[in-house]
Amino acid sequence: MSPAMMVATLGGIGRLRPAPGTWGSLAVLPAVLLGPSVALLLALAAAVAGWLAVRALPQDGEHDPGWIVVDEAAGMLLALAALPAGAGWVGVALAFLLFRAFDILKPWPVSWADRRAGATGVMLDDILAGAMAAALLLAVRAIAPGVL
């Protein structure tokens with residue numbers, strides 16, 4: 001497997017069925033244990049590495065193949081970065097559910113980004129879904145401190 005394919009599939013996780021995007025999102029959940037700053041740095045690293053990997057892959061005509069899951073990892077990590085250090089399972093579950101909902105339902109601006117071509121489109125829709133989930137999580141933290 002090429003290095004680009006390893007990154008794009010998160011070491012093959014993108015080949016799991018059913019729902020490879022869900023598997024890709026689940027794979028990075030342990031990063032919450034490292035704290036919000038590390039999760040944010042990992043999100044940035046996944047976004048850059050993912051964009052470079054997707055650009056390096058041969059184009060087969062499919063807009064956003066399901067087996068590419070590094071985009072889900074980047075978005076999920078961004079959502080996790082909005083949780084406080086030591087967040088419990090409720091916060092992690094809420095981050096996961098919000099991110100997956102935005103990723104699947106594709107409200108604007110996620111839908112706009114999903115229509116972009118190439119590596120930018122593949123990565124940006126999930127990054128925006130993660131940012132929207134993070135914004136909601138930060139709002140919950142502001143409104144109800146200690147809930148997450």
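The values are calculated or read from the model by the stated rules, or taken from the named source; none is laboratory data. Bear in mind that the values here come from a model prediction, so they are computed numbers and not experimental data. Methodologically, a virtual Cβ is constructed for each residue, glycine included, from the backbone with ideal geometry; neighbour enumeration extends over all protein chains shown.
Quick look at the values:
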| quantity | calculated |
| --- | --- |
| Residue list for the stretch 23-67, filter: among the aromatic types (Phe, Trp, Tyr) and in a loop (DSSP other than H, G, I, E, B) | Trp67 |
| Of the criteria (1) more than 30 Å from Gly146 (Cα to Cα); (2) loosely packed, with under 15 Cβ neighbours inside 10 Å, which one Pro65 fails | (2) |
| Among the candidates Leu29, Leu83, residue that is surrounded by fewer than 17 Cβ atoms within 10 Å (Cβ to Cβ), touching a residue at least 40 places away in the same chain (Cβ under 8 Å) and within 18 Å of Phe96 (Cβ to Cβ) | Leu29 |
| Any hit, the stretch 92-104, residues being part of a helix (DSSP H, G or I), aromatic (Phe, Trp, Tyr) and surrounded by fewer than 15 Cβ atoms within 10 Å (Cβ to Cβ) | no |
| Close pairs from the stretch 112-124: first of a type outside the set (A, V, I, L, M, F, W, C), partner loosely packed, with under 15 Cβ neighbours inside 10 Å and assigned to a helix (DSSP H, G or I), Cβ under 8 Å, at least 6 apart | Gly118/Arg55 |
| Hey, Ala142 among the hydrophobic types (A, V, I, L, M, F, W, C), over 15 Å from the mean Cα position of the chain (by Cα), at pLDDT 95 or above and at negative phi or not | yes |
| Ala119 vs. criteria in contact with a Lys or Arg (Cβ under 6 Å, 6 or more places away or on another chain) and in a helix (DSSP H, G or I) | yes |
| Where Ser25 falls short, out of the listed (1) within 17 Å of Leu10 (Cβ to Cβ); (2) more than 10 Å from the chain's Cα centre (by Cα); (3) polar (S, T, N, Q) | (2) |
| Any chance Ala133 is part of a helix (DSSP H, G or I), modelled with pLDDT of 95 or more and surrounded by 15 or more Cβ atoms within 10 Å (Cβ to Cβ) | yes |
